[in-house]
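Colleague: Please find one structure pasted underneath; my questions will follow.
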Amino acid sequence: MSFIRKECRIGNVYLIDTLQFNMETITSVYCYSDGEKSLLMDIGTSDNINTVFESLAGHGIPLESLAGIVPSHYHFDHGGGSAELYSRMKDINKDFKIYTNSITKKNLQDSAGHIHGAKTTFGKFVGTMDVIPDEAFSIVEMDDFLPIEFSGGERVKLLHTPGHTSDHCSPTVVSGGRTLFTFAGEAMGTIYTSGRMLSTPTSMPPNFCYDDYISSMNKIKVINPEMIGFCHFGIISGTEDIDFVYNDHHRFMKEFRQGIIDAFNENPSTEHVLAMTGHLWKDRIDSEFAEIKGSEAFFGNLRLALTYGVMVDLGFRKPKYESKTPV
């Protein structure tokens, strides 16, 4: 069992730090590669592609081996770079595809509202999300398998895990009855600590749904993955550590939601809700980040957005920049 928060390789799974927001250990993407065929899970923003390509080269993974990408969801820091990635990959591998469900495809193609809202929180780091040609996509039904098989017989299931967004999926590598690896995306929280595996929420507005989120956590737990990859940030293996993160995050989300309800009933201002729930975040973000320029504003804006997302789900606030996406 282990918890790794740095770029690494474990078997056929490669964790790649995108260096998003000009910070290490904030956002990762994953590559599953058998040496002949490779699949990206997320890409980050359009600005992260060079970093990902350089990392792949460092691991000895040729771009020609990339069969495609499977984004966990449409957000700028996950599937946002898909248009630029496809534009660059189509001349390297003519069979390269974006493997995703129809809802994610629609959201990637109609991203103006999302980009507008993201820029209010993350500014210049959002990148671009251009329209992607239809031929770039290979549509996969939720909870079905991608039309790819690796040399050891491994297949990738597009496990539907809504909650963070309605289109959210957690690509899962299975073989011989074993769940080798689940890229949770943002279906089981985020981890910004290098010591204890304490998580933070992923309750971004406007599509966060608490009930769906908890159900998706349970769905991942039931399939018993041997390793779980977090986009923000790191990879966990072993039943004991996975159980710890699951139980901690389940408890935290319940307390976070209830704390917001209690604070709102006292005083409905966002400032009051933030003040009264601040203690819940204690020890959940590494103090080392404080030494990085811009990190205080980044995490402050992040906490505001994640709090607001729960308030939208509870009906305490209305979405500002983009409408909720129907399932």
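The values are calculated or read from the model by the stated rules, or taken from the named source; none is laboratory data. Every value quoted in this text rests on a predicted model; they were computed, and no experiment measured them. Counting neighbours? That spans all protein chains shown, and the Cβs are built from the backbone with ideal geometry, glycine included.
Colleague: Yes or no: Ile214 surrounded by 18 or more Cβ atoms within 10 Å (Cβ to Cβ), in a helix (DSSP H, G or I) and either within 13 Å of the chain's Cα centre (by Cα) or on the phi < 0 side of the Ramachandran plot (or both)?
Modeller: Against the criterion (surrounded by 18 or more Cβ atoms within 10 Å (Cβ to Cβ), in a helix (DSSP H, G or I) and either within 13 Å of the chain's Cα centre (by Cα) or on the phi < 0 side of the Ramachandran plot (or both)), Ile214 does not qualify.
Colleague: Have a look at Ile261, Ile220, Ile292 and point out the one that is aliphatic (A, V, I, L, M), touching a residue at least 40 places away in the same chain (Cβ under 8 Å), out of contact with any Ser or Thr (no Cβ under 9 Å at 6 or more places or on another chain) and more than 25 Å from Met23 (Cβ to Cβ).
Modeller: Ile261
Colleague: Under 9 Å by Cβ, and 6 or more places apart or on different chains, what pairs join a residue from region 176-197 that is at negative phi and assigned to a strand (DSSP E or B) with one that is surrounded by 22 or more Cβ atoms within 10 Å (Cβ to Cβ) and acidic (Asp, Glu)?
Modeller: Here the result reads Phe183/Asp42, each pair linking region 176-197 to a residue that is surrounded by 22 or more Cβ atoms within 10 Å (Cβ to Cβ) and acidic (Asp, Glu).
Colleague: Report, by residue number, each residue of region 306-327 that is part of a helix (DSSP H, G or I) and either in contact with a strand residue (DSSP E or B) (Cβ under 9 Å, 6 or more places away or on another chain) or surrounded by fewer than 17 Cβ atoms within 10 Å (Cβ to Cβ) (or both).
Modeller: Leu306, Leu314
Colleague: Taking Glu288 as meeting all but one of (1) of a type outside the set (Phe, Trp, Tyr); (2) touching a Cys at 6+ places or on another chain (Cβ under 8 Å); (3) more than 30 Å from Arg178 (Cβ to Cβ), write down the number of the exception.
Modeller: Glu288 satisfies all of (1) of a type outside the set (Phe, Trp, Tyr); (2) touching a Cys at 6+ places or on another chain (Cβ under 8 Å); (3) more than 30 Å from Arg178 (Cβ to Cβ) except (2).
Colleague: Of the conditions (1) more than 21 Å from Ser2 (Cβ to Cβ); (2) buried (at least 20 other Cβ atoms within 10 Å of the Cβ), Asp134 clears all except one; give me its number.
Modeller: (2)
Colleague: For region 84-139, give me each residue that is in contact with an Asp or Glu (Cβ under 8 Å, 6 or more places away or on another chain), at pLDDT below 95 and not in a helix (DSSP H, G or I).
Modeller: Gly127, Thr128, Asp130
Colleague: Asp167: touching a Leu at 6+ places or on another chain (Cβ under 8 Å) and among the charged types (D, E, K, R), yes or no?
Modeller: No.
Colleague: Among the residues of region 45-83 satisfying the criterion of being β-branched (Val, Ile, Thr) and assigned to a loop (DSSP other than H, G, I, E, B), which is modelled with the highest pLDDT?
Modeller: Once the filter is applied, the top-ranked residue is Ile61.
Colleague: Within region 30-42, is even one residue assigned to a loop (DSSP other than H, G, I, E, B), in contact with a strand residue (DSSP E or B) (Cβ under 6 Å, 6 or more places away or on another chain) and surrounded by fewer than 24 Cβ atoms within 10 Å (Cβ to Cβ)?
Modeller: Yes - at least one qualifying residue is present in region 30-42.
Colleague: Considering region 5-26 alone, what residues qualify as being in a loop (DSSP other than H, G, I, E, B) and either among the charged types (D, E, K, R) or at pLDDT 90 or above (or both)?
Modeller: Correct list: Arg5, Lys6, Glu7, Gly11, Asn12, Thr18, Leu19, Glu24, Thr25, Ile26.
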